[in-house]
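One structure below.
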Amino acid sequence: TESLASGRVLRVSSDGGDASEEVVASCPLGFASAWSPDASVLAVNGVPESGLAQLGFVRPGGEGRIEWWPSEAHEFGSSFSPDGRWVAYTSNRTVQHEVWIRSFPDGETERQFSIDGGSKPLWLESGELFYRNGYRWLASRVALTPELSWEPPRVVFETDFVGTSSRSYDVSPDGQRLLGIMRTREPVRAKLHVVHNWFQELKEKMREAE
């Protein structure tokens with residue numbers, strides 16, 4: 001498992017041991033996002049000197065240096081393909097958030113995956129790629145060979161939930177169950193009241209108070 005504290009990414013054993021390994025010494029305004037299938041690369045999200053949310057990659061055991069994917073858009077929320085050759089992520093390059101797929105590690109090939117909005121992708125070992133659009137989850141199985149291809153994403157889940165800044169859900173390996181943070185009660189809906197001639201009413205109340 002990994003955690004982020006003061007811009008550092010630390011890896012600790014899930015068996016409760018005290019020993020920890022520093023994977024990233026400093027990740028500006030960032031957090032750990034996803035491991036590659038062979039755990040040789042950690043994808044992170046951060047805000048480097050460009051001032052935009054960017055995708056970065058670091059190899060544990062090295063110097064902890066982040067290799068950023070420069071972009072003129074905000075990009076975040078990455079997930080590796082089962083073979084580690086592709087990365088799905090969220091980008092707002094088309095104004096609204098959409099899920100894109102980019103070749104890894106060269107980053108030369110890019111394809112838009114979602115349509116009509118999408119964010120927070122999750123790529124299962126089965127090859128199915130999930131993402132969120134509002135309260136809907138959509139998915140499509142992605143063929144990685146002989147070339148990248150998929151059918152139009154379909155709606156697979158639809159429910160209310162509590163969102164977070166990072167990916168706020170998980171999917172079982174067989175793709176049949178969704179794990180999320182559900183609301184225990186309906187959210188409070190605020191009402192907006194519009195008062196006409198409020199200044200005149202205020203003056204009348206002031207005269208009454210004199």
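The values are calculated or read from the model by the stated rules, or taken from the named source; none is laboratory data. Here the structure is a predicted model, which means the values were calculated and not measured. Ideal geometry is used to build each Cβ from the backbone, glycine not excepted, and the neighbour counts take in all protein chains shown. Heavy atoms of the whole protein, side chains included, go into the accessibility calculation; ligands, DNA and RNA do not. Shrake-Rupley method; radii C 1.70, N 1.55, O 1.52, S 1.80 Å.
Below are the figures for this structure:
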read-out: Qualifying positions in the stretch 87-99 - crowded, with 21+ Cβ neighbours inside 10 Å and of a type in the set (A, V, I, L, M, F, W, C); value: V87, A88, V99
read-out: Residues located in the stretch 13-38, provided they are modelled with pLDDT of 70 or more, open to solvent by less than 50 Å² (accessible area, probe 1.4 Å) and among the hydrophobic types (A, V, I, L, M, F, W, C); value: V23, A32, A34
read-out: Odd one out for S126, checked against (1) over 17 Å from L52 (Cα atoms); (2) open to solvent by less than 20 Å² (accessible area, probe 1.4 Å); (3) among the hydroxyl-bearing types (S, T, Y); value: (2)
